[in-house]
Amino acid sequence: MNVYVLDGEREKQITARQLVEEYIPADGRSFYEHVLNVHDWEEQYSYLEEAIQRIAEDYLNYKQQLGLFKSDKTNVRFFVADYQNKSIYTNIDDFSMEELNKEEMEVIQSETVGKARDMLKKIGPGFAVDSINSDWSSSLNIPEHYLGQKLKKYGSRFEGNYYVAMAIDKRYLAEDEFADAKEPYDSIKPWIKRAASLGIGAGCLGIALFIALSCMAGREKGSKEVYLNTFDRMKTEIAAGFICFLCLCIIVAGTFVGNTYGTSPYIFYLWMGIMTFLLNSVFLIGYLSLVRRLKAGTFWSNSLLFMWGRLMGDFSKNIHAHIKFALLFTAYLAVSIFLIYTSRKLWIVFTVVIGTFLMKEAILRQKVIEGIRKIASGEIEHWIQTKDLKGDNLTLAQEMNHIGDGIRAAVDANVKNERLKTDLITNVSHDIKTPLTSIINYVDLLKREKIQDAKIRSYIEILDKKSQRLKQLTEDLVEASKISSGNITYHITRMNLAELVMQAGGEFDEKFSEKELEMILKLPDETPIIEADGRRLWRVFENLYNNVAKYAMEGTRVYVDVKTGEENVEFSIKNISKQPLNIHADELTERFIRGDVSRNSEGSGLGLSIAKNLVEAQGGTFSIYLDGDLFRVTIGFQRAELSFDEIST
């Protein structure tokens, strides 16, 4: 075809042959279309010259590489059948290419591939890949899964329909890497099994010695104590850092020697042996020290982390709770701000972890609080479990358990003392009762005698009066001991409290008259029915009325009231004391406590105590109110429902 080009200022026509391109460049234009739009031919000439030179270099390189695959240059034999391009590539000497060329090349016969495969099997071990059938086979001493993975890696790079087979010529006629490696391999091969046996034996012996050293580390014959040397007494982290530093120094020194004397194999192997020995020695020192620390239990207790944790624990125990909270909250804010600006995901994880920790602490704190409430409510045998507790919760639980121990010890001691007192009172009362009964009987006999001497009669009256008082005191002591020990039986029946009050008033009317005491009785319109033991309740009223007769101011009024409510019945008796009541109300119900501190009046100090215990034992309430010289006792019982007969009455 004719092409017009510029020759200086004139357009010149030349004749050129157009090359048909097999592949279009990346810009989508052919070379001819590109030339038509060129204005700077000098630049294009330089590009073309560079491209031609590069193609020439690649071609020469291709020829050189192709020469390396000739049968006299390599022991690798290959056969490649390209089904798509109808081409065959091989370096098998016994394979006749001229014979192939005579065949019809439109289709590569399967006999050709089979012949090549059989020839390669005879030459030596190899493998074959068939892309059409997606199959491969191998006679190499390599695991099939490993070879399959390698072939799959390269399979995606070579598209098309092909058959590739390769083998290694076991005759090793060409001088290449395989031939060079065969000679040392043949010399080493007889020793491989022996070396493997010796290696296994040496490994087993090394393991046995390693175990023996581990067992004997820190032990001396005839002693069970673990002995630690100076290195073992160093802090764990410092010892570990020292071992790592020594190993690093040995490795750096070995690298330096290797780089400096690497050309001399004797020096290199000698230094490698020395370095291996030093590394093993350092490792053995560190390992045996670790074993001795573990046996002696000092691995953790003799560490910097443990020391730091103990210091922080002591610091935490010795600072106030609000200061501790402020420090922890400040640390949490600092970490949160840092994580928010660096990684929000880590901040979320950190917040969730802190929240989980606080929730766990709150649950454990609630368990401690529940345990404190149980102990405070009277369950002195309750013990707060401290297994999962830490920090302030652990301290609080331990201190509360100590308080519980103290309470239990105090209660046990008090119970023991009360039992001893009760036993003493009971024994003494019984011992006194027998001779006292004889004294009372003999006094009664003397009273019946007609004694004329007035002085002797006065003595007899004094004996009678004192013996009766001693009898009453003995009975009170016995009854008080029975009540406190619970050795008393109650017969609960329905009764009218108003009738019992009226009966008690009648019984003590004479005593009140002697003291010039005026009793003002006030009864409710409704019948006050309660459930109680009549005999025991009468003893309560007897003690209360006796108490009024003994300690009330002469010439005053005694108010007795019975009230009924929807659920309760209340009895109260109040009077003016003739002695100042410089005592707490609760103390009057204790045994042997009397309002008359001077003890000029008769009484044992047990009346109110007995009355209170008898009332409370029957399910009632007993309270004393003091206001100056005013003395009032209030007794309450639950009101019983009226029966049909009681309502009719």
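Filter the range 429-482 for residues that are basic (Lys, Arg) and not in a helix (DSSP H, G or I) and give the result.
To start, the set of residues in the range 429-482 that are basic (Lys, Arg) comprises 433, 447-448, 450, 455, 457, 465-466, 469, 471, 482.
Scanning the range 429-482 gives a single hit, 450.
If I go through the range 154-172 residue by residue, how many of them are assigned to a loop (DSSP other than H, G, I, E, B) and at pLDDT 75 or above? Lay out the reasoning, then the answer.
Taking the range 154-172 as the starting set, the residues that turn out to be assigned to a loop (DSSP other than H, G, I, E, B) are 156-161, 169-172.
Then keep just the ones that are at pLDDT 75 or above; that gives 161, 169-172.
Counting residues in the range 154-172 that are assigned to a loop (DSSP other than H, G, I, E, B) and at pLDDT 75 or above gives 5.
Only one residue in 172, 227, 185 is surrounded by 10 or more Cβ atoms within 10 Å (Cβ to Cβ) and touching a Lys or Arg at 6+ places or on another chain (Cβ under 6 Å). Which one? So that I can check it myself, show each step before the final result.
Working: 227 fails: touching a Lys or Arg at 6+ places or on another chain (Cβ under 6 Å); 185 fails: touching a Lys or Arg at 6+ places or on another chain (Cβ under 6 Å).
The unique qualifying residue is 172.
Quick one: is residue 568 at pLDDT 90 or above and within 60 Å of the chain's Cα centre (by Cα)?
Details: at pLDDT 90 or above: yes; within 60 Å of the chain's Cα centre (by Cα): yes.
Yes; evaluated as a whole, the condition is true for this residue.
Please verify whether residue 522 is more than 60 Å from the chain's Cα centre (by Cα), farther than 24 Å from residue 566 by Cβ and of a type in the set (Lys, Arg), treating the condition exactly as stated. Give the steps one after another, and end with the answer.
Values: more than 60 Å from the chain's Cα centre (by Cα): yes; farther than 24 Å from residue 566 by Cβ: no; of a type in the set (Lys, Arg): yes.
Criteria not met by residue 522.
Among the residues in the range 193-215, are any among the charged types (D, E, K, R) and assigned to a helix (DSSP H, G or I)?
Within the range 193-215, one or more residues are among the charged types (D, E, K, R) and assigned to a helix (DSSP H, G or I).
Tell me, please, whether a residue that is closer than 30 Å to residue 304 by Cα and of a type in the set (Gly, Ala, Ser) can be found in the range 269-285.
Of all residues in the range 269-285, those closer than 30 Å to residue 304 by Cα come to 278-285.
With of a type in the set (Gly, Ala, Ser) added as a condition, the list becomes 281.
Yes, the range 269-285 contains at least one residue that is closer than 30 Å to residue 304 by Cα and of a type in the set (Gly, Ala, Ser).
Quick check: is even one residue across the range 20-32 at pLDDT 65 or above, of a type in the set (Val, Ile, Thr) and outside any strand (DSSP E or B)?
For the range 20-32, residues at pLDDT 65 or above, of a type in the set (Val, Ile, Thr) and outside any strand (DSSP E or B): present.
Do we have residue 342 as within 20 Å of the chain's Cα centre (by Cα) and not acidic (Asp, Glu) here? Reasoning before the result, please.
On the way: within 20 Å of the chain's Cα centre (by Cα): no; not acidic (Asp, Glu): yes.
Answer is no for this residue.
Only one of 315, 306, 338, 329 is more than 18 Å from residue 243 (Cβ to Cβ), aromatic (Phe, Trp, Tyr), assigned to a helix (DSSP H, G or I) and at pLDDT below 80. Can you tell me which?
Values: 306 fails: at pLDDT below 80; 338 fails: at pLDDT below 80; 329 fails: at pLDDT below 80.
Testing whether each residue is more than 18 Å from residue 243 (Cβ to Cβ), aromatic (Phe, Trp, Tyr), assigned to a helix (DSSP H, G or I) and at pLDDT below 80 leaves just 315.
Starting from the range 549-573, keep only residues that are in the same structural domain as residue 640 (by TED's automatic domain parsing) and more than 17 Å from residue 525 (Cβ to Cβ), then list their pairs with residues that are part of a loop (DSSP other than H, G, I, E, B) and of a type in the set (A, V, I, L, M, F, W, C) whose Cβ atoms are within a distance under 6 Å, requiring at least 6 positions of separation or different chains.
Qualifying pairs under 6 Å: 552/517; 558/517.
Go through the range 294-311 and count every residue that is basic (Lys, Arg) and either under 17 Å from residue 238 (Cα atoms) or surrounded by 12 or more Cβ atoms within 10 Å (Cβ to Cβ) (or both). Quick ask: steps written out before the conclusion?
The first filter runs over the range 294-311 and keeps only residues basic (Lys, Arg), leaving 295, 310.
If we keep only those that are either under 17 Å from residue 238 (Cα atoms) or surrounded by 12 or more Cβ atoms within 10 Å (Cβ to Cβ) (or both) as well, we get 295.
Qualifying residue count, the range 294-311: 1.
Among the candidates 639, 632, which residue alone is among the charged types (D, E, K, R), touching an Asp or Glu at 6+ places or on another chain (Cβ under 9 Å), at pLDDT 80 or above and buried (at least 16 other Cβ atoms within 10 Å of the Cβ)? Before you say what the answer is, go through the steps one by one.
Values: 632 fails: touching an Asp or Glu at 6+ places or on another chain (Cβ under 9 Å).
Unique residue meeting the criteria: 639.
Conditions first: (1) loosely packed, with under 15 Cβ neighbours inside 10 Å; (2) over 25 Å from residue 314 (Cα atoms); (3) of a type in the set (Val, Ile, Thr); (4) at pLDDT 75 or above. Residue 403 passes all but one, so which condition is the exception?
(2)
I'm checking my understanding of the structure. Among residues of the range 230-269 that are surrounded by 11 or more Cβ atoms within 10 Å (Cβ to Cβ) and polar (S, T, N, Q), which one is farthest from residue 300 (Cα to Cα)?
264
Taking residue 404 as the residue in question, decide whether it is in a helix (DSSP H, G or I) and either closer than 30 Å to residue 234 by Cβ or within 22 Å of the chain's Cα centre (by Cα) (or both). Full working, then the answer.
Numbers: in a helix (DSSP H, G or I): yes; either closer than 30 Å to residue 234 by Cβ or within 22 Å of the chain's Cα centre (by Cα) (or both): no.
Against the criterion (in a helix (DSSP H, G or I) and either closer than 30 Å to residue 234 by Cβ or within 22 Å of the chain's Cα centre (by Cα) (or both)), residue 404 does not qualify.
When you look at residue 532, is it in contact with a Ser or Thr (Cβ under 9 Å, 6 or more places away or on another chain) and within 19 Å of residue 564 (Cβ to Cβ), yes or no? Break it down into steps so the answer makes sense when it comes.
On the way: in contact with a Ser or Thr (Cβ under 9 Å, 6 or more places away or on another chain): yes; within 19 Å of residue 564 (Cβ to Cβ): yes.
So residue 532 fits the description; yes.
The values are calculated or read from the model by the stated rules, or taken from the named source; none is laboratory data. These figures come from a predicted structure and were not determined experimentally. No Cβ is skipped: glycine too gets one built from the backbone with ideal geometry, and neighbour counts run over all protein chains shown.
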